[in-house]
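Read the figures in this text as sums done on the coordinates, not as results from a lab. None of the values given here were measured: they were computed from a predicted structure. Heads up, the Cβs are rebuilt from the backbone with ideal geometry, glycines too, and the neighbour counts pull from every protein chain shown.
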Amino acid sequence: MRWTQTLISTLRDAPQDAEIPSHKLMIRASLIMKLGGGLYTFLPLGLKALRKVERIVREEMDRAGALEVLMPALQPREIWDQSGRYEVLRDGMFKIRDRQDREMVLGPTHEEVITDLAARQINSYRQLPKTFYQIQTKFRDEIRPRFGLMRAKEFSMKDAYSFDVSWEAADASYQAMYDAYVRIFARCGLATKVVEADTGAMGGNFSHEFMVLADAGEDGLAECEGCTYAANLERAERATPARDPETTPQHPEAVVTPGKKTIEEVSAFLKLTPDRLIKTLIYLANGKPIAVLVPGDRDLNEHKLARALGGVTLQMADDQTIAKVTGAPVGFSGPVGLKIPVYADLDLKTPRVAAVGANVADTHLRNVLLNRDASVTEFYDLVIVREGDACPRCGKRLREKRGIEVGHVFKLGTKYSKTFDAGYLDADGNRQISVMGCYGIGVTRTLQAIIEQSHDANGIIWPLSVAPYQVCLVVPNTQHAESVRVAEDFLKTLEAQGVDVLFDDRDERPGVKFKDADLLGIPIRVVVSERSLADGKVEIKLRTEADKKMIPLADAVAFVESIIRGEK
RNA sequence: CGGGGCGUAGCGCAGUCCGGUAGCGCGCCAGCUUUGGGAGCUGAAAGUCGUGGGUUCAAAUCCCACCGCCCCGACCA
């Protein structure tokens, strides 16, 4: 391809609305263009790279035995009512009506549709196991789209769904997808970290996320310095901290703390460090008030709380509810004398002298011992894990990192197969329910994650496998006819070999061309110039390396091909 | 939805406080020179100053409302 025939308009400056490196580079390198918040057009260069990621995904899905299908993005509301997720996802979905006033949604995911497919198409255990996948545009009404393709309203996703005769069999399907994911991301040149994850609104009981470690990542994760434990912060657990039990002969003493509501305010006022306070939060669990206690210097992890209480729906209590159950305004809640269930973090199980809200306006209690002065319904690990906490597996230190979630594999179980009656007849003629798994890869997000993980001050550094072009052919001076002639020859030969070549045939100064080549990040740069031709050579430079090699004209094509085959 | 910021030519920005002929750099177009790391000169094109209303002799600038975009938070598969 000739530069002058395709459409590549590079930008010297990044638009003001791009924040992170990958986003800026995608715009500057002319890969994508914004239409509106969370909506992007793929320009020719960006689309070429996207197609390469898709091809890798397809090849590995096919290799893993998954079957490609294509389901409608436009779906009737009814199947979402049937699964009950119309209510669960609600505002997260784009909803539209057709001219008959029938309600439709633009699919944010396809569990409902695929399970309906399986229910109709699969009748016998002989047809199982089956894994289906598709690469398709998803729509989600994101509260806050951001960072270009990282969180968009419309994006490309590879979703796969497995159906098995049993839980044991489902494990094998899960593992096959897990292994395929490892290969896919490796082939994309991505270093990923697999973490245990929360299943959220998807349901199911077990899942792993594939994370690309990056400061710009939206997810926090914890990894152990000593063992392989790693988990999304939404799920990460910690070993109960060891500490000596405390006691005091003193009894709870009311202290007037006018207007001191937050931990910081109370801590400063009482001259106690935050860990000497106990934070009392009032929640509604499935609509019923409960109190949750965590050390004053820690934050509650709502996901863990919801799971500990058997998957309840949590909601922070409103001011009226708090006043009703504690007898005091917000900011002065405490566990002493509460008549509602009280759940406390494990760290609080070991008695310690602390200050708490008094359930009286402008008043706190100090010298409180939880085990003596209050009653706790149950202790669980409830706080958000942070750097330095102890690993739940081996007790060593946990480290905090940030990551971009590019893939997620779930063991779903029978949640959807039950509601859609996706089952089969077993060998004995008995009706059984299929066990499902579901597996997603954010394809457009993966593309951007590659750039986020592989760039430098000059631009993108594409891995060969996903680079829009493998070779960038540069003629520094297009006035030099011989250079152009040799380059044209080169272009023809390489393209005939199936190599993706971008020939920079613009009448630009050399500096412009080199800067652009670096910005675009094409892995192999071949320069044909009057200078190199004088020695009968061309110059070959890899984007990943600083040095260039001078290769005799006659060997150049073979040299490039050997690089592409991974031999150089 | 809460907090903050921004909206002026394709991109980056100045001008807004203090009302008075809409500017700069890059890019784009034409010509000449130049040709190994974002060239020089000359000339040209390009702007409903986010939208609507108001105040005023006069509004990019002051007032009101709305829209869009970005960041933080809440939320999230």
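By the count of neighbouring beta-carbon atoms within 10 Å, fewest first, A:227, A:438 end up ordered A:227, A:438. Counting charges near residue A:399 (Lys, Arg +1; Asp, Glu -1) among other residues having Cβ under 13 Å from its Cβ returns a value of +2. Count Lys and Arg as plus one, Asp and Glu as minus one, and take only other residues whose Cβ is under 11 Å from that of residue A:21; the net charge is then -2.
Please give the FRET efficiency for residue A:546 paired with residue A:179, using the beta carbon to beta carbon distance and R0 = 30 Å, rounded to the nearest 0.05. Rounded to the nearest 0.05, the efficiency is 0.25. The Cα-based radius of gyration of segment A:387-513, divided by its Kirkwood radius, gives an Rg/Rh of 1.28.
Taking 4.7 Å between beta carbons as the limit, the unpaired Cys residues of chain A are A:188, A:438, A:472.
A quarter of the convex hull surface defined by the alpha-carbon atoms of segment A:210-320 gives 11.2 nm² as the mean projection. Were the residues from residue A:215 through residue A:430 laid out at 0.36 nm apart, the gain over their Cα-Cα distance would be 72.1 nm.
Based on the convex hull around the alpha carbon atoms, chain A presents an average projected area of 33.5 nm². The value of relative contact order for chain A, using C-alpha pairs under 8 Å at least six residues apart, is 17 percent. Pairs spanning more than 25 Å between alpha-carbon atoms, out of A:261/A:339; A:261/A:324; A:52/A:138; A:24/A:537; A:515/A:548: A:24/A:537. Loop-located chymotrypsin sites (Phe, Trp or Tyr not before Pro) in segment A:10-105 (DSSP state not H, G, I, E or B) with no more than 11 neighbouring Cβ atoms inside 10 Å do not occur. Compare the Cα positions of A:67, A:487, A:290 along the charge dipole of chain A (+1 at Cβ of Lys, Arg; -1 at Cβ of Asp, Glu; about the Cα centre) and return the one farthest towards the positive end. Of the candidates, A:290 comes out farthest on the positive side.
Straight-line reach only, C-alpha to C-alpha below 20 angstrom: list the lysines that residue A:130 could link to, leaving out same-chain residues fewer than 8 apart. Straight-line reach from residue A:130, under 20 Å: A:158, A:411, A:415, A:418. Rounded to the nearest whole Hz, the Karplus-based 3J(HN,Hα) values (6.51 cos²θ - 1.76 cosθ + 1.60, θ = phi - 60°) of segment A:265-279 follow the sequence 5, 5, 4, 5, 5, 8, 6, 10, 5, x, 6, 8, 10, 10, 7, with x at glycine and proline.
Report, in debye and to the nearest 20, how large the dipole of segment A:249-354 comes out about its Cα centre when Lys and Arg carry +1 and Asp and Glu carry -1 on their Cβ. Before the final figure, lay out the partial values.
Details: 13 positive and 11 negative charges, 52 e Å.
Computed charge dipole of segment A:249-354: roughly 260 debye.
Put simply, the convex hull of the Cα atoms in segment A:1-150 casts, on average, a shadow of 12.9 nm².
Taking the Cα atoms of segment A:64-138, the ratio Rg/Rh between the radius of gyration and the Kirkwood radius comes to 1.02. With a Förster radius of 45 Å applied to the C-beta separation of residue A:268 and residue A:103, the computed FRET efficiency comes to 0.25.
Relative protection proxy for A:112-121, A:425-434, from highest mean packing down: A:112-121, A:425-434 (other beta-carbon atoms within 10 angstrom).
Post the alpha-carbon centroid distance, segment A:436-465 to segment A:291-318, in whole angstrom. Segment A:436-465 and segment A:291-318 have Cα centres separated by 35 Å. Sorting the segments A:554-561, A:416-423 by their mean number of nearby beta carbons within 10 angstrom, highest to lowest, gives A:416-423, A:554-561. At 222 nm, what helix-only mean residue ellipticity would chain A give, in deg cm²/dmol to the nearest 500, using -39500 (n - 2.57) for each DSSP H run of four or more? Counting only the DSSP helices, I get -8000 deg cm²/dmol. Applied to segment A:162-179, the Karplus parametrisation 6.51 cos²θ - 1.76 cosθ + 1.60 on θ = phi - 60° returns per-residue 3J(HN,Hα) values of 10, 10, 9, 7, 7, 5, 5, 5, 5, 4, 5, 5, 4, 5, 4, 5, 4, 5 Hz, with x for Gly and Pro.
Counting charges near residue A:79 (Lys, Arg +1; Asp, Glu -1) among other residues having Cβ under 11 Å from its Cβ returns a value of -3. Computed from Cα positions, the angle between helix A:443-453 and the longest principal axis of chain A comes to roughly 80 degrees. The calculated FRET efficiency for residue A:166 paired with residue A:246, based on their beta-carbon distance and R0 = 51 Å, is about 0.50.
Between the amide H of residue A:473 and those of A:502, A:503, A:504, A:526, distances stay under 5 Å, these residues lying 5 or more places away or on another chain, with hydrogens modeled in the peptide plane. What the Kirkwood sum gives for segment A:469-564 is a hydrodynamic radius of 13.0 Å, with every pair of different alpha carbons counted.
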